[in-house]
Amino acid sequence: MISEAQARATLRAILDSAIESALPGRGVLANLPKKPRGRCVVVGAGKASAAMAAEVHKAWPDVDLSGVVVTRYGHSVSAGRITILEAGHPVPDEASVLAAESQLSVVSNLTPDDLVLALVSGGGSATLAMPIEGLSLATKQAITEKLLVTGASIGEINLVRRHLSKIKGGGLARAAFPASLHTLVVSDVPGDEVGDVASGPTVAMSWEPTRVREILDRYSLPIPSAVEQYLERDGFEDSVYPESEHRVVSSPSMALTEAATSAQRAGFKPIVLGDCIEGESSELGVIMAGIVRSVRSMNQPAKPPVALISGGETCVTIRDLRPGRGGRNTEFALSMALALNGEEDVFAGAVDTDGIDGTEDAAGALITPSTLLRASERGIDARRYLDRHDSYSFFEAIDDLIVTGPTLTNVNDVRVVLVY
């Protein structure tokens, strides 16, 4: 039987290696375009955008460089000649609108000799907001909040966001013409579909009004008249886009690969289950417990010691009118702990690589064979906490939260399960 202290240290080392691999610095420097003949205007949005901007500032001291980048509150760093703004996340606020207005302003009136360098990462959808004509910010906030708590996938949420925005879905790119455009992406989406990262402000979107109506109807959201009128248009067929290139500098698959390498160095057989796992966090916890039992009883998909590694973005459907505190990673961990029920020699951790699981100050949580026992000794009913979506409070009480602080990157979630 492995000691808990040793297993915890190994688990944290693997998770930390995945986060470290997702930091944008090296990828930004390796993917900078040719320096422009004219000006370089830097724009961007997301949790990694400020750190990316700082790298550009340092790398190009001899370029006529300026611009505006927006990140989530608490994720700002100094970027010299590039202005860093902060705005709301996961729901946009007035600062998100001001950031959008500022970015559209700085890319206007450029020439073909100029370069717009866009730095885009997960979290940019909320921090960069400009509702379509006739749609108030309050209404867009209400739509976003409803989608976030009713089980909508991130793909569905971003599809709606693109269609209700004047800057997403290529809006920023259209404003940049005739300058050239180069976008560096820290991806937080499966398959690295760049149009889904921050809802694609520099990527021409497909016009899909029928799907937007279907999503809003599926989650019982009334369609405002301004939205209905907007969806009746023919899209952006007459729009002109600049010469453009997109490069992914960091991604979920890269982080999972690094986690697998770290696990292998620690003596485990790494099994990477992919970066596309979605669905309810609590249901995934039960599923992962089932895979663990298959490993223990049948040596499938491999004989222990095994590291089961996965990514993707699950969701938490709020059914309690007064839910507790928590995010998708702590909910996953609590559900898995209940499903394992103290299974020996199994340790698991789940984190959001940006360091913030949902709206709390923890990246996620870890579980051990003693998780439920230690909670019970404190009079804590784990099932009750899960039913109330109060997983943060549960792990806080037994000191099993994983706290990293803002990491200044975001390649979505990483889950590691060690079976000894």
Selection count where residues are open to solvent by less than 50 Å² (accessible area, probe 1.4 Å) and either small (Gly, Ala, Ser) or under 24 Å from Ile154 (Cα atoms) (or both), scope region 268-294: 13
Some residue of region 2-21 being farther than 30 Å from Ala348 by Cβ and among the hydrophobic types (A, V, I, L, M, F, W, C): no
Enumerated helices (runs of 4 or more DSSP H) restricted to region 91-159, each holding at least 2 residues that are over 20 Å from Asp413 (Cβ atoms) and open to solvent by less than 30 Å² (accessible area, probe 1.4 Å): 94-106, 137-149
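Residues to consider are Ser310, Ser297; find the one that is open to solvent by 40 Å² or more (accessible area, probe 1.4 Å), hydroxyl-bearing (Ser, Thr, Tyr) and either modelled with pLDDT under 95 or over 25 Å from Glu145 (Cβ atoms) (or both).
On the way: Ser310 fails: open to solvent by 40 Å² or more (accessible area, probe 1.4 Å).
From the options Ser310, Ser297, the qualifying one is Ser297.
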Within region 231-252, tally of residues that are modelled with pLDDT of 80 or more and either open to solvent by less than 50 Å² (accessible area, probe 1.4 Å) or at positive phi (or both): 7
Of all residues making up region 1-36, the number that are at pLDDT 95 or above, within 30 Å of Glu343 (Cα to Cα) and among the β-branched types (Val, Ile, Thr): 3
Conditions (1) open to solvent by 10 Å² or more (accessible area, probe 1.4 Å); (2) in contact with a helix residue (DSSP H, G or I) (Cβ under 9 Å, 6 or more places away or on another chain); number of the one not met by His163: (1)
Matching residues in region 17-46 - criterion: being more than 30 Å from Asn109 (Cβ to Cβ) and either assigned to a strand (DSSP E or B) or open to solvent by less than 10 Å² (accessible area, probe 1.4 Å) (or both): Ala18, Ala22
Any hit, region 280-301, residues being among the small types (Gly, Ala, Ser) and either under 30 Å from Ala118 (Cβ atoms) or not in a helix (DSSP H, G or I) (or both): no
Of all residues in region 316-338 being in a loop (DSSP other than H, G, I, E, B) and among the small types (Gly, Ala, Ser), the one that is least open to solvent (accessible area, probe 1.4 Å): Gly327
Count - residues of region 356-398 that are assigned to a loop (DSSP other than H, G, I, E, B) and in contact with a strand residue (DSSP E or B) (Cβ under 9 Å, 6 or more places away or on another chain): 9
Which listed residue, of Thr202, Thr261, is β-branched (Val, Ile, Thr), part of a loop (DSSP other than H, G, I, E, B) and either open to solvent by less than 10 Å² (accessible area, probe 1.4 Å) or modelled with pLDDT of 95 or more (or both): Thr202
Residue list for region 399-420, restricted to those being open to solvent by 10 Å² or more (accessible area, probe 1.4 Å) and either not acidic (Asp, Glu) or not in a loop (DSSP other than H, G, I, E, B) (or both): Leu401, Val403, Thr404, Gly405, Pro406, Thr407, Leu408, Tyr420
Some residue of region 51-59 being within 20 Å of Ile356 (Cα to Cα) and in a helix (DSSP H, G or I): yes
Tally of residues being part of a loop (DSSP other than H, G, I, E, B) and closer than 12 Å to Ala126 by Cβ across region 76-90: 3
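The values are calculated or read from the model by the stated rules, or taken from the named source; none is laboratory data. Remember, predicted model here, so these are calculated numbers, not experimental data. Quick reminder, even Gly has a Cβ in these numbers, built from the backbone with ideal geometry, and neighbours come from all protein chains shown. Areas reflect the complete protein model, heavy atoms only, side chains present, ligands, DNA and RNA absent. Shrake-Rupley method; radii C 1.70, N 1.55, O 1.52, S 1.80 Å.
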